Ligand code: AHM
Ligand code: MG
């Protein structure tokens, strides 16, 4: 009968969070509440991105953020939505956003136990063309008695309690992982207004012949990077890799997670520290890829999760993806040492 085909026992994100909470006897529910607020931030950012062209939200806001990037109107709105969601859950002591020079402290919640890091809309240069962008987030638990100072959040990714990202693409996809936990993927059902679990226990394929890097920067690359990328272009004995580069880390990373391959943004002679930010871009993504069985390293081939930022907006080179594909970069780099 047709009714048998309807799944009446859907795992929504809300249900998933409740079930996770009941697994942890010591849980107070604070983390769950924080995740509900995150969920609302993702939904509302997705909503404005979809409607942007219709309600005059394309283009620049006329301001620039800490690092001099021109802010788009949606960068500002995404940031405001995120901050407001984090404040309203009353479980967040402090927040670092790519769009805010300083740490935001929620002094009205001195006992809140969590710190959140985020890039509210990553890949915003793609926004006006309707190309996928995303939100990246990480959650840290603070020590008892934390004052909400900068130093308390300058931790390596190994200290992350949870991290993930939402991609605003043809559909909205949410990927979340917890410390040593599985990686779980959800798809937004716009009619229900719910994230539905669609990708339990995601694993990045061990290898795949796809590379994702802005090759326009190759003039500035160091020798090992040049050699590695050249080696992917095939020879008489090997087939060339495919190149795929969207220019939104979240979208390039999401494809890499599903299909395998490697995403890279190396440090180079022009940007010796790299482009992407350790705290709210590299570390959260690194945790997702490691938990999915892949690897993530910086331009010195150090494990990305062990790199502590000295400042909240510090940058790093990054290579992440399939275990074997990242290993190829590491092996090429090591030949030069
Ligand atoms: P943003 O945070 O200002 O949007 O910049 C980050 C983005 C990443 O999403 C993407 O991987 C990278 O910058 C693309 O940079 P480029 O245009 O130099 O290739
Ligand atoms: Mg960004």
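No value in this document is a laboratory result; all are computed from the given coordinates. Quick caveat, the model's predicted, so the values are computed rather than measured. Here Cβ is always computed from backbone atoms with ideal geometry, including for glycine, and neighbour counts include all displayed protein chains.
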Considering only residues that are free of Cβ contacts under 8 Å to residues at least 60 places away in the same chain and assigned to a strand (DSSP E or B), look in segment 105-137 and name the one that is surrounded by the most Cβ atoms within 10 Å (Cβ to Cβ).
115
Residue ID - farthest from the chain's Cα centre (by Cα), chosen from residues in segment 298-311 that are assigned to a loop (DSSP other than H, G, I, E, B) and within 16 Å of ligand 1 (Cβ to nearest atom):
299
Filtered residues of segment 273-297 (kept if part of a loop (DSSP other than H, G, I, E, B) and within 15 Å of ligand 1 (Cβ to nearest atom)):
273, 274, 275
Does segment 44-65 contain at least one residue that is away from ligand 1 (no atom under 16 Å from the Cβ), within 20 Å of residue 163 (Cα to Cα) and under 20 Å from the mean Cα position of the chain (by Cα)?
yes
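Can you tell me which residue within segment 259-271, out of those that are more than 8 Å from ligand 1 (Cβ to nearest atom) and in contact with a strand residue (DSSP E or B) (Cβ under 8 Å, 6 or more places away or on another chain), is farthest from residue 292 (Cα to Cα)? Before you say what the answer is, go through the steps one by one.
Start the filter on segment 259-271 by keeping residues that are more than 8 Å from ligand 1 (Cβ to nearest atom), which leaves 259-262, 264, 266-271.
Okay, now just the ones that are also in contact with a strand residue (DSSP E or B) (Cβ under 8 Å, 6 or more places away or on another chain), so 259-262, 264, 266-267, 271.
Working: 259: 12, 260: 11, 261: 13, 262: 14, 264: 17, 266: 22, 267: 25, 271: 29 Å.
My answer is 271.
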Residues of segment 37-73 satisfying the condition of being surrounded by fewer than 18 Cβ atoms within 10 Å (Cβ to Cβ), out of contact with any helix residue (DSSP H, G or I) (no Cβ under 6 Å at 6 or more places or on another chain) and in a helix (DSSP H, G or I):
47, 50, 51
Checking the structure you have, find out if any residue of segment 240-258 is part of a loop (DSSP other than H, G, I, E, B), crowded, with 22+ Cβ neighbours inside 10 Å and away from ligand 2 (no atom under 15 Å from the Cβ).
no
